[in-house]
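Notes for the one structure printed next.
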Amino acid sequence: MFLNTLTPKFYVALTGTSSLISGLILIFEWWYFRKYGTSFIEQVSVSHLRPLLGGVDSSSPSNSNASNGEADSSRQSVSECKVWRNPLNLFRGAEYNRYTWVTGREPLTYYDMNLSAQDHQTFFTCDSDHLRPADAIMQKAWRERNPQARISAAHEALELEDCATAYILLAEEEATTIMEAERLFKQALKAGEGCYRRSQQLQHHGTQYEAQHRRDTNVLVYIKRRLAMCSRKLGRTREAVKMMRDLCVFQLMKEFPLLSMFNIHENLLESLLELQNYADVQAVLAKYDDISLPKSATICYTAALLKARAVSDKFSPEAASRRGLSTAEMNAVEAIHRAVEFNPHVPKYLLEMKSLILPPEHILKRGDSEAIAYAFFHLQHWKRVEGALNLLHCTWEGTFRMIPYPLEKGHLFYPYPICTETADRELLPTVFHEVSVYPKKELPFFILFTAGLCSFTAMLALLTHQFPELMGVFAKAFLSTLFAPLNFIMEKVESILPSSLWHQLTRI
């Protein structure tokens, strides 16, 4: 009787309301997944409902404690997703701004430029700057957000005296060519060396002089590094290599922690590869590819390139499948697997399966930003080695079979950090670049379920509104079919039980 009294309007209201609710759930689930990378319903189920229902790990307490201890130690050993300064970052005025003038696109994000502003304040300022008028002006200039205001402040500082940091700012942001930037850096070098010599003599007279000497050391190393990069860009590679070697020696002699942030050895590796001086590249790798030193895509992929170079010209996947891999080929494949495990985003850029953009001023190790920075400068070196890209193409995907759960357990490195996607989206211009994500996330089940439920109920509401009588017949038939097994069981129970007993049960 209840089913017979229901009107088509009830079905329209029911299916419409269900469609609306499931649609709202779908929108919320999709927004939460895009922002946090996980399903809200799944997270609530695992985090809150599972403990209430008594869902615990079946492993023994000793095993669970051991695994928790390993996880805690690995998390303590690996720092959080730390953003590093790109050792090969381009010049803003001569390269980034030229790109903007031609394409109308901004290659740098606000987050990236804000990090650079913080770096400049750390490198080029100290507590005693207010005692010198030019340095006081530059201290304010490095905090200024407007590029034109920074440039005007640098010119104002130069009117007072030869200020090395003012020349640096003009070379970085106002110079429109590399030659003009080099000229300004040479002027900065002359002024910076004078400041360095004066502060070196006074560094032991107090903490204020020591801080000033540390700042002058940072300025001098920065200028020499950028001059070496100018020489490299202008084709004077041997001169650049000599300057970078001197800087590496200077960096080893000094004990200032900020000097290690420049990673000058990565500039040296790139220049040596340009000269095809592979013996010296191997010597640099022997010094920096150490288990106690932090790794980078440049270190890992350059080591893989050198080992691939020994076998790539004669490598054939068909021949290797027939006879097996030789010792040298196995070493090359293992080096490629090691590099891919460290940064799985690089191969697609080297194999030109994904388009390159200008590298950012800061990179996230093992992230898409580091892959772009590496491939932007080193793709030419892989192309120069005959067969190296072919060997990479044939072997790089085998890495993922060795680490099926990269977020939980690594093979040669720590588990892949889960925070790389969020940081890369801040560093890279997502307006015209699709950030590479590893491991590739699949849509959670609840998003697919709510999408199907929303579509199904919306279709039912539309059909019920258009064909109310026909849909009423279908609804009654569907409900009758749904309750048919229950009616069948009830009839069997009535036939088996005595009528008097059944009568008493129904009364109760």
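At-a-glance table
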{"quantity": "Separation of the GLN282 and LYS242 label points, Cα + 7 Å toward Cβ, nm", "calculated": "2.6"}
{"quantity": "Shape call, segment 134-290: gyration tensor on alpha carbons, a/c limit 1.5", "calculated": "oblate"}
{"quantity": "Under Karplus coefficients 6.51, -1.76 and 1.60, residue-wise ³J(HN,Hα) of segment 161-168 in Hz, glycine/proline x", "calculated": "6, 6, 10, 5, 5, 5, 4, 4"}
{"quantity": "Nonlocal amide H pairs with ARG366, under 5 Å, H built at 1.01 Å", "calculated": "ALA297"}
{"quantity": "Accessible area per residue, Å², segment 113-229 with all protein chains present, probe 1.4 Å", "calculated": "48"}
{"quantity": "Prolate/oblate/rounded label for segment 314-440 (Cα gyration tensor, a/c 1.5)", "calculated": "oblate"}
{"quantity": "Residues ARG98 and ALA319, FRET efficiency given R0 of 41 Å [Cβ-Cβ distance, rounded to 0.05]", "calculated": "0.30"}
{"quantity": "Pairwise FRET efficiency - LYS440 versus SER480, Cβ, R0 = 51 Å, nearest 0.05", "calculated": "0.65"}
{"quantity": "Accessible-area ranking of LYS476, LYS440, LYS82, largest first, probe 1.4 Å", "calculated": "LYS440, LYS82, LYS476"}
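The values are calculated or read from the model by the stated rules, or taken from the named source; none is laboratory data. If you're wondering where the values come from, they're calculated on a predicted model, not measured in any experiment. Note that each Cβ is placed from the backbone with ideal geometry, even for glycine, and that neighbours are counted across all protein chains shown. These accessible areas exclude ligands, DNA and RNA; they are computed on the full protein's heavy atoms, side chains included. Shrake-Rupley method; radii C 1.70, N 1.55, O 1.52, S 1.80 Å.
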